[in-house]
Amino acid sequence: MNIYPPLKKYFGFSQFKGLQEEVIKSILQKKNTFVIMPTGGGKSLCYQLPALMNTGTAIVISPLIALMKNQVDAIRGISDHEGVAHVLNSSLNKSEISQVKSDIENGITKLLYVAPESLIKEEYVNFLKNQTISFVAIDEAHCISEWGHDFRPEYRNLKHIIKQIDNVPVIGLTATATEKVQEDILKTLGISDATTFKASFNRPNLFYEVRPKTKDVEKDIIRFVKQRQGKSGIIYCLSRKKVEEISQVLQVNNIKAVPYHAGLDAKTRARHQDMFLMEDCDIVVATIAFGMGIDKPDVRFVIHHDIPKSLESYYQETGRAGRDDGEGYCLAFYAYKDIEKLEKFMASKPIAEQEIGHALLQEVVG
Ligand code: ADP
Ligand code: MG
């Protein structure tokens with residue numbers, strides 16, 4: 001099948017990126033498919049294009065409402081019909097829900113984005129059971145694994161819900177590089193037979209430095225940032241308190257920095273994120289609450305004031321640098337004391353989680 005004309009028609013592209021073509025063919029052949037591509041690799045198109053080509057509705061499961069909305073808007077922009085893509089979640093009122101349902105019943109909706117916690121609802125499952133579903137795509141599939149960097153318990157039950165809906169092909173997509181998480185995804189989704197496509201994870205434009213963390217760490221950071229005046233960077237800290245401290249220290253030193261963490265209200269968070277994207281500030285000092293779905297191509301450095309809790313998190317967080325293939329300097333400050341702090345953090349968690357957390361931390365120390 002020639003899938004170049006629809007690529008051109010829907011997305012305006014003449015070439016596929018990386019493994020996209022092979023992935024899309026596998027999905028069109030109704031095979032269970034597993035896609036591992038780094039962030040920015042073009043995973044969305046892997047399910048969007050076959051969804052647009054197929055009859056019926058593809059269900060896309062994604063953890064972040066903001067990201068789903070962006071994708072729905074983008075797909076509506078390339079189609080004649082509003083109803084081609086919908087989000088199904090708790091924010092819809094009754095009449096919106098019946099609009100979504102009738103668009104699905106009438107075969108208009110090609111992509112239905114659902115948050116995992118909404119898909120659990122019996123009302124929705126019962127409705128979807130009786131519709132033509134082309135496939136189910138699970139984006140950010142690493143959220144299913146406790147070994148990953150962003151575990152979401154709601155992802156755990158997906159296999160059973162998908163089974164209830166229909167016997168449809170399942171597509172898992174992730175930017176997770178570790179084998180352990182990849183195995184976990186296949187097992188937990190029940191798609192051990194999936195055809196797997198794995199892209200290269202090497203990022204030759206990223207430069208990695210680990211520096212001992214001393215009492216002068218703040219001075220070190222200020223010096224590093226001042227040498228890169230006007231350039232965009234992210235500074236990750238473990239705690240909200242540290243985020244506030246470091247952003248104040250930077251501001252006092254005439255560096256345009258804003259804080260970002262889950263303790264700030266949603267409006268402030270959105271404002272600070274926009275300031276960073278629009279270049280009204282140079283630096284975001286953040287907890288790991290910041291980053292997923294942020295697509296700023298020219299982030300020139302990522303600093304870790306505190307060592308991350310796994311190598312996988314470190315790869316994802318530093319991966320936000322240099323997405324335009326330009327310079328990306330990744331600087332981590334390391335002190336064994338921080339490992340002890342993370343260990344202490346974990347002490348309140350269930351034993352199984354502690355064991356996993358401990359093993360991941362030992363990799364970081366190594
Ligand atoms: P991922 O989900 O893997 O992080 P996205 O799906 O967000 O990546 O895609 C990253 C970028 O690549 C987007 O800006 C998208 O428009 C672009 N892109 C995807 N496929 C192609 C293609 N075949 N040709 C050109 N650009 C593409
Ligand atoms: Mg994506």
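Worth a mention:
Residue-wise test of (1) assigned to a helix (DSSP H, G or I); (2) in contact with a strand residue (DSSP E or B) (Cβ under 9 Å, 6 or more places away or on another chain).
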position	(1), (2)
207	no, yes
211	no, yes
215	no, no
225	yes, yes
233	no, yes
243	yes, yes
251	yes, yes
255	no, yes
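- Filter pass, residue 340 being closer than 27 Å to residue 145 by Cβ and charged (D, E, K, R): yes
- Count - residues of the range 192-205 that are within 27 Å of residue 332 (Cβ to Cβ) and assigned to a loop (DSSP other than H, G, I, E, B): 7
- Residue in the range 319-329 that is surrounded by fewer than 21 Cβ atoms within 10 Å (Cβ to Cβ), small (Gly, Ala, Ser) and in contact with a strand residue (DSSP E or B) (Cβ under 9 Å, 6 or more places away or on another chain) present: yes
- In the range 182-191, of all residues being more than 16 Å from ligand 1 (Cβ to nearest atom), over 17 Å from residue 120 (Cβ atoms) and part of a helix (DSSP H, G or I), the one that is most open to solvent (accessible area, probe 1.4 Å) corresponds to 187.
- Scope the range 330-362; condition open to solvent by 40 Å² or more (accessible area, probe 1.4 Å) and either closer than 26 Å to residue 219 by Cα or acidic (Asp, Glu) (or both); matching residues: 334, 336, 337, 340, 341, 343, 353, 355
- Of all the numbered requirements in (1) more than 16 Å from ligand 2 (Cβ to nearest atom); (2) over 18 Å from residue 30 (Cα atoms); (3) acidic (Asp, Glu), residue 150 misses one, and that requirement is (1).
- Put simply, of 32, 54 the only residue that is under 27 Å from residue 316 (Cα atoms), more than 16 Å from ligand 2 (Cβ to nearest atom) and in contact with a Ser or Thr (Cβ under 8 Å, 6 or more places away or on another chain) is 32.
- Scanning the range 18-51 for residues that are modelled with pLDDT of 95 or more, on the phi < 0 side of the Ramachandran plot and open to solvent by 30 Å² or more (accessible area, probe 1.4 Å) yields 19, 21, 22, 25, 28, 29, 31, 32, 44.
- Here residue 165 passes the criteria (1) more than 16 Å from ligand 1 (Cβ to nearest atom); (2) in contact (Cβ under 8 Å) with a residue 12 or more places away in the chain; (3) open to solvent by 10 Å² or more (accessible area, probe 1.4 Å) except the one numbered (3).
- For the range 182-197, a residue qualifies if it is away from ligand 2 (no atom under 16 Å from the Cβ) and in contact (Cβ under 8 Å) with a residue 24 or more places away in the chain, and the qualifying residues are 182, 184, 186, 188, 189, 190, 191, 193, 194, 195, 196.
The values are calculated or read from the model by the stated rules, or taken from the named source; none is laboratory data. All of these numbers come straight from a predicted model, not from anything done at the bench. As a convention, Cβ positions derive from the backbone with ideal geometry for all residues, glycine included, and neighbour counts pool all protein chains shown. All accessible areas refer to the heavy atoms of the entire protein, side chains included, with ligands and DNA or RNA removed. Shrake-Rupley method; radii C 1.70, N 1.55, O 1.52, S 1.80 Å.
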